[in-house]
Amino acid sequence: MSTSFSEDLLRWYDKNAAARALPWRGERDPYRIWLSEIMLQQTQAQTVKGYYARFLSAFPTVFALAEADEQAVLKLWEGLGYYSRARNLHAAARRVAGDMGGAFPGDAAGLRRLPGVGPYAASAIASIAFGEPAPALDGNQARVLGRVLAWEDVLKTPFDLLAPALERIDRERPGDYNQALMDLGASICTPKSPRCGDCPVAEHCRAREEDAVLEYPKKSPPAPKKEQDLTILLLYQNGRLLVRRRPKGLLGGLYEFVCVEGHPDEPALADALTAMGFTGVQIERPLPDAKHVFTHRVWHMQGRLGSCATSPEGYSAVDQDQLQALPFPSALRVYREIALSEKQ
Ligand code: SF4
């Protein structure tokens, strides 16, 4: 008798799950599952491991996280990127601890109402923590299913495959099924070099049958990234470095140095800083260039070191210890390291 897609997938998962021993595997506590799923969005499992352990040691329960100061949460998140995740995590913890008595919503629809929980995370958490047969469609699952089905349409989102995914998900073990599909996508059915010879669902795969594996899933061409030129200034006022908390939006809540749009020459840079409200600006020397690539934009940064007499509202002058303690985005790491190596 032939076996089904989910039977073959789960048999493989049962044999191989140990090979990808991850601290959140086998977990049944919704708080821990939620935390791992939010961290795993856009970040590799190997990177997440350390952050997950540090977070749980600092905030062992949803109540502990809810009571934490936002800066402490952002500081622990430093380096993981996509900081809106950390702010949403904190907001969701406050809602669960405050309005729900510490109990997470018990299905995907309820979980989706929490800040930062999208359709993928809601399905993943609901299937793993509560056994709901909700397909957790992320890029990995969509790639495997797109190939298995030889899906001809361009996927606008992985959830375009919801109907066939619902047909295939294992109703007895939906959490394991979702994790198995993620593992298969991460380890065997990889984007560029899938190992079809080792694949447990090869018999069910139409793309393989058609010898057209790399043609699926069909994709529209990526939108070009927005290129942005910035000048980053390590600007000192009375020997202390000026920093500012970024407003809401990209990297909101994290700290930054004085920053000017574009790569102006020295007189134009001094004019721009005067227009921003700085007085007595003196540019002393250039600093190395740096580049940071985000998902949708690229920063091309030039650095300058200088001083000023007074600064506009919103900036704080900090010493080395304060600088070390404040959360900064990875994009500014080069300049923070230079600042930390400067004598004050
Ligand atoms: S047979 Fe190949 S393309 Fe098909 S699911 Fe398996 S690894 Fe992916």
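The values are calculated or read from the model by the stated rules, or taken from the named source; none is laboratory data. Just so you know, these numbers come straight off a predicted model, no measurement behind them. Reconstructed Cβ throughout: ideal geometry from the backbone, glycine too, with neighbour counts over all protein chains shown.
Name the residues in region 201-225 that are in a helix (DSSP H, G or I), charged (D, E, K, R) and surrounded by fewer than 16 Cβ atoms within 10 Å (Cβ to Cβ), would you? Scanning region 201-225 gives GLU203, ARG206, GLU209, GLU215.
Scanning region 186-200 for residues that are modelled with pLDDT under 95, over 19 Å from the mean Cα position of the chain (by Cα), part of a helix (DSSP H, G or I) and closer than 22 Å to GLY26 by Cα turns up at least one hit.
Can you give me the number of residues within region 249-307 that are surrounded by 18 or more Cβ atoms within 10 Å (Cβ to Cβ), small (Gly, Ala, Ser) and assigned to a loop (DSSP other than H, G, I, E, B)? Total satisfying the criteria: 1. Can we say GLU215 is more than 30 Å from CYS308 (Cα to Cα), near the ligand (Cβ under 9 Å from one of its atoms) and charged (D, E, K, R)? So GLU215 does not fit the description; no. Annotation: ALA186 fulfils all but one of (1) among the hydrophobic types (A, V, I, L, M, F, W, C); (2) within 23 Å of SER36 (Cβ to Cβ); (3) near the ligand (Cβ under 10 Å from one of its atoms); the unmet one is (3). Being closer than 16 Å to LEU254 by Cα and touching a Leu at 6+ places or on another chain (Cβ under 8 Å), is that true of even one residue in region 298-315? Yes - at least one qualifying residue is present in region 298-315.
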